[in-house]
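K.L.:
Below is a structure I'd like to ask you about.
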Amino acid sequence: GVRLLLHGLCSNTTVKSLDLKGNNLRTMGAEALGKLLRQNKSIRSLTLEWNSLGMWEEGFSFFCQGLRANNFLQRLDLRNNQINHQGAGELAMALTQNTSLQELDLRWNNIGLLGGRALLNCLHSNKTLKRLELAGNNVPGDILKAVEQALDHNRDREAILSEAQNQVNVLSKEILSLKDEKNKQFMDFVDTVDKQKEERARSEKMSAARVSQLQEALDEQYSIMNSLKTKLQMTESALALSEQKVHNLGELLNAMKQEQNCVNDCHFRELQQQKQEGADREGRLLHDLSAASEKNLLLRNQVDELERKCKVQQDQLFQVKQDLTNTTAELKLRAVEAEERLEMEKRRFKQSLEDIESLRVKEVDRMTQHMEASERSMHDRIQRLEAIRISLEEELSQVKAAALTERGQAEEELIKVRSQARLEEQQRLEHLEEKLRLMTESRDEAQNCCLKQKEMVAEAQAKAKQLSLYADGLRRRLDELQQDLDSKEEEKVTELNKVKVELQEQIGHLEAERAAQDGLREKIAALERQLKALSSNHREALLDKEGEISLLLEKLRMKEAEIFRVREEEAQRASFLQNAIMAYVQGSPLGAHSSRK
């Protein structure tokens with residue numbers, strides 16, 4: 001029935017809205033819808049709620065192909081159609097080429113994370129979609145926010161485009177008005193020229209004697225022509241001004257584009273700020289996780305203490321039983337009562353243990369939920385730690401370079417000091433040789449000079465010793481600096497190894513937790529699929545049962561009508577028989593005798 005209806009609507013040009021909610025459309029219906037979307041050019045709104053189109057993959061893909069080729073539909077409702085992430089991917093591929101759809105409702109389906117990402121990616125190329133509903137689809141909140149931002153961007157873009165179109169329309173209207181004014185002026189000029197020609201012809205036909213007058217009229221006409229030329233120049237200047245206005249309006253458009261780019265930059269900065277806020281929230285969540293783990297450890301310690309107390313109580317009970325066997329019958333009765341009390345206490349204790357275990361299970365579930373939220377934060381933290389490692393390596397290279405430069409400077413200072421000491425010693429030796437030569441010439445003066453020279457030599461030696469000690473100190477300082485550098489390098493290498501080991505351990509824990517969470521997600525997805533299949537089967541069974549009940553009710557009504565008719569016929573027959581019997585009795589002799597009596 002749907003196929004025949006949609007086949008008839010393919011060539012229809014008046015229907016603007018089509019509602020097929022809850023009609024149990026299947027593969028054939030989805031294919032007919034795809035054909036309708038390819039051929040029909042008048043339908044603007046299509047409602048397909050409660051039709052389970054996502055269960056039939058081939059038909060739904062054909063429907064998406066039709067949506068891709070359609071450029072007239074503006075609103076599409078696909079609520080409660082059991083669309084999974086594959087169907088969402090096909091919808092996203094269709095939306096990349098569709099240029100007319102403005103509203104799409106996908107609430108209460110099974111799109112999930114992958115489908116949400118596919119729809120988010122298609123919004124980068126689709127610039128016409130303004131409203132997209134994704135509630136009840138197990139789509140993460142960050143993807144929903146990104147989708148909302150993309151839709152806001154589309155709305156802003158359309159508003160800007162509409163404003164620009166309005167401005168272009170206004171400019172085109174102004175240009176057309178200017179052209180009309182120019183045409184009017186030119187036509188007026190042509191009319192004036194024609195009139196002048198007619199007047200000239202009339203004046204020439206009037207008389208040839210009035211040549212002087214005609215010459216004066218011609219002069220006047222020349223002056224009129226000059227005025228008209230000036231008017232033409234004025235119109236040309238007006239045209240130039242209009243062109244300048246058009247140029248200014250183009251500059252205004254460029255300025256608007258630059259403002260739009262600035263707005264986009266502001267949006268990008270806001271997104272970066274939101275990312276930073278998300279990182280801070282992730283740090284807080286990690287802190288909460290550590291606190292929850294500490295609480296879990298405390299609870300485990302409490303459970304261990306309670307188990308120890310239980311063992312101690314069991315030992316005490318065994319001792320009490322041994323003591324009770326040695327007592328009399330009265331004590332046995334009391335022991336029985338005590339045992340019953342102890343059993344009651346055991347049950348209470350077990351109940352308390354079970355409550356504690358249930359609380360622990362609940363906290364573990366909460367922890368798993370927090371862990372799911374903190375997976376991404378841990379990935380970001382790993383990236384940050386890698387960045388820190390790179391920065392530490394750069395600092396190591398900088399420290400090594402600084403140490404090498406200091407070592408080179410110290411060696412240069414040593415070389416300079418040694419060269420200065422050698423030069424000074426050479427100068428002093430030359431001076432001493434000159435003094436010795438003079439001593440040979442004058443021995444009397446030589447003794448005094450020798451004493452002076454001995455004193456100078458002693459001073460020079462003391463200075464040389466001081467210089468050697470200074471050089472030794474510089475060498476020791478270089479050795480100490482080298483040892484400090486070696487120790488710092490060893491410490492940094494050990495710290496880097498520790499950081500690497502910790503990172504590897506954290507990565508291993510995270511991978512194990514991710515594997516466990518993936519297993520849980522797969523189980524949850526399988527259970528959800530089973531539930532959806534059961535719900536669809538239940539709905540189909542309910543529909544079949546309702547049809548059977550309606551058929552049975554109609555049959556009952558028919559039967560009741562037949563029974564009522566049969567009863568009426570039998571009542572008529574009974575009345576006829578009664579009348580006949582009464583007539584027969586009244587006509588017989590027995591009837592006459594009875595009448596006499």
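The values are calculated or read from the model by the stated rules, or taken from the named source; none is laboratory data. Just so you know, these numbers come straight off a predicted model, no measurement behind them. No Cβ is skipped: glycine too gets one built from the backbone with ideal geometry, and neighbour counts run over all protein chains shown. SASA here: full protein model, heavy atoms, side chains in, ligands and nucleic acids out. Shrake-Rupley method; radii C 1.70, N 1.55, O 1.52, S 1.80 Å.
K.L.:
Just to confirm my numbers, what's the Cα centroid distance between the stretch 222-269 and the stretch 1-54 in Å?
P.N.:
Computed from Cα coordinates, the inter-centre distance equals 51 Å.
K.L.:
If you don't mind, another one. Mind listing the long-range amide H neighbours of N12? Cut-off is under 5 Å, sequence gap 5 or more, other chains count too, H placed in the peptide plane at 1.01 Å from N.
P.N.:
none
K.L.:
Measuring from label point to label point, each 7 Å out along Cα→Cβ, what is the D355 to E495 span in nm?
P.N.:
5.1
K.L.:
Ok, one more. Would you list which aspartates and glutamates come within 16 Å of K182, measuring only between C-alpha atoms, while excluding same-chain residues fewer than 8 positions from it?
P.N.:
Within reach: E174, D191, E236, E243.
K.L.:
From the helices alone, meaning DSSP H stretches of at least four residues, give me the mean residue ellipticity at 222 nm for the chain, per-run term -39500 (n - 2.57), in deg cm²/dmol to the nearest 500. If you can, show how the numbers build up before the last one.
P.N.:
Values: 10 runs with 506 residues, N = 597.
It lands at -32000 deg cm²/dmol.
K.L.:
Sort the following peptides by mean Cβ neighbour count (other Cβ atoms within 10 Å, averaged over residues), highest first: 109-115, 209-215. Working shown, then result.
P.N.:
Numbers: 109-115: 20.9, 209-215: 11.3.
Ranking the peptides 109-115, 209-215 by packing returns 109-115, 209-215.
K.L.:
Which residues does a label at K205 reach in the stretch 216-260, if reach means a backbone N under 19 Å from a point 7 Å past the Cα toward the Cβ?
P.N.:
Counting backbone N atoms under 19 Å from the label point, the list is 218.
K.L.:
Which FRET efficiency value, to the nearest 0.05, do you get for S17 and N138 by plugging their Cβ-Cβ distance into 1/(1 + (r/R0)^6) with R0 = 25 Å?
P.N.:
Step by step, r from the Cβ atoms, then E = 0.25.
K.L.:
Taking 51 Å as R0, compute the FRET efficiency from the Cβ-Cβ separation of F564 and E57 and round it to 0.05. Spell out each step's value before the answer.
P.N.:
Working: r = 53 Å, r/R0 = 1.05.
That pair, F564 with E57, gives E of 0.45.
K.L.:
Hey, another quick one. Let me make sure I get this right: for the stretch 173-246, a, b and c are the square roots of the gyration tensor eigenvalues over alpha carbons, sorted descending. Under 1.5 in a/c it's rounded, otherwise prolate if a/b > b/c, else oblate. Which is it?
P.N.:
Values: a/c = 8.65, a/b = 2.69, b/c = 3.21.
Because a/c hits 1.5 or more and a/b fails to exceed b/c, the stretch 173-246 counts as oblate.
K.L.:
Report in % the part of the accessible area of the stretch 1-139 that belongs to carbon and sulfur, leaving out ligands and nucleic acids; probe 1.4 Å. Spell out each step's value before the answer.
P.N.:
Details: 3130 of 6350 Å².
C and S atoms contribute 49 percent here.
K.L.:
Chymotrypsin sites (Phe, Trp or Tyr not before Pro), restricted to the stretch 183-249: which are DSSP loop and have at most 14 other Cβ atoms within 10 Å? Please list the in-between numbers first.
P.N.:
Values: sites: F186, F189, Y222; in loops: none.
For chymotrypsin sites (Phe, Trp or Tyr not before Pro) across the stretch 183-249 that sit outside H, G, I, E and B with at most 14 neighbouring Cβ atoms in 10 Å, the list is empty.
K.L.:
Pull up the cross-link candidates among the aspartates and glutamates for K488, meaning alpha carbon to alpha carbon under 20 Å and not fewer than 8 places away within one chain.
P.N.:
Correct list for K488: E393, E394, E395, E406, D479, E480.
K.L.:
Using only the alpha carbons of the stretch 1-139, what is the convex hull's orientation-averaged projected area in square nanometres? Display every interim value, and only then the final one.
P.N.:
Values: hull surface 27.2 nm².
Seen from a random direction, the Cα hull of the stretch 1-139 projects 6.8 nm² on average.
K.L.:
Now for a different question. Scan around V139 for amide H atoms under 5 Å from its own, H built in the peptide plane at 1.01 Å from N, and keep only partners 5 or more places away or cross-chain.
P.N.:
Close amide H contacts, sequence-distant or interchain: G112.
K.L.:
Once you place label points 7 Å from the Cα toward the Cβ at R26 and Q276, how far apart are they in nm?
P.N.:
Taking the simple label geometry, R26 and Q276 are separated by 5.9 nm.
K.L.:
Also, I was wondering about something else. In terms of modelled amide H atoms, which long-range or inter-chain residues lie less than 5 Å from the amide H of L18?
P.N.:
Placed amide hydrogens put S45, L46, T47 under 5 Å from L18.
K.L.:
Multiplying the sequence separation of T99 and R347 by 0.36 nm and subtracting their Cα-Cα distance, what value in nm do you get? If you can, show how the numbers build up before the last one.
P.N.:
Details: separation 248, 0.36 × 248 = 89.28 nm, distance 7.02 nm.
Residue separation times 0.36 nm, minus the Cα-Cα distance, leaves 82.3 nm.
K.L.:
Reachable aspartates and glutamates from K346, Cα under 19 Å, same-chain residues fewer than 8 places away excluded?
P.N.:
In chain and number order, the partners are D304, E305, E307, D315, E337, E354, D355, E357.
K.L.:
Using the Cβ atoms and a cut-off under 11 Å, what net charge is assigned to the surroundings of L253, where Lys and Arg are +1 and Asp and Glu are -1? The partial results should precede the final answer.
P.N.:
Values: positive: K257; negative: E163, E251, E259.
Around L253, the charge tally is -2.
K.L.:
Taking R0 as 56 Å, what's the FRET efficiency between L503 and I415 from their Cβ-Cβ distance, rounded to 0.05? Before the final figure, lay out the partial values.
P.N.:
Working: r = 47 Å, r/R0 = 0.83.
According to the calculation, E is roughly 0.75.
K.L.:
Here's a follow-up. Listed here are the pairs K275/K500; K145/K532; K127/K275; K41/K532; K35/K127; which of them are more than 32 Å apart at the Cα? Present the calculation step by step, with values, prior to reporting the outcome.
P.N.:
Working: K275/K500 27 Å; K145/K532 27 Å; K127/K275 25 Å; K41/K532 35 Å; K35/K127 25 Å.
Table pairs above 32 Å Cα-Cα are K41/K532.
K.L.:
How long is the gain from F576 to E363 if the chain were fully straight, where each residue apart is worth 0.36 nm and the alpha carbon distance is subtracted? Provide the component values of the computation, followed by the final result.
P.N.:
On the way: separation 213, 0.36 × 213 = 76.68 nm, distance 8.69 nm.
Stretched fully, the F576-E363 segment lengthens by 68.0 nm.
K.L.:
In 20 Å bins starting at 0, how do the alpha-carbon pair distances of the chain split up by percent?
P.N.:
Percent of pairs per bin, in order: 10, 18, 19, 18, 16, 11, 5, 2, 1, 0, 0.
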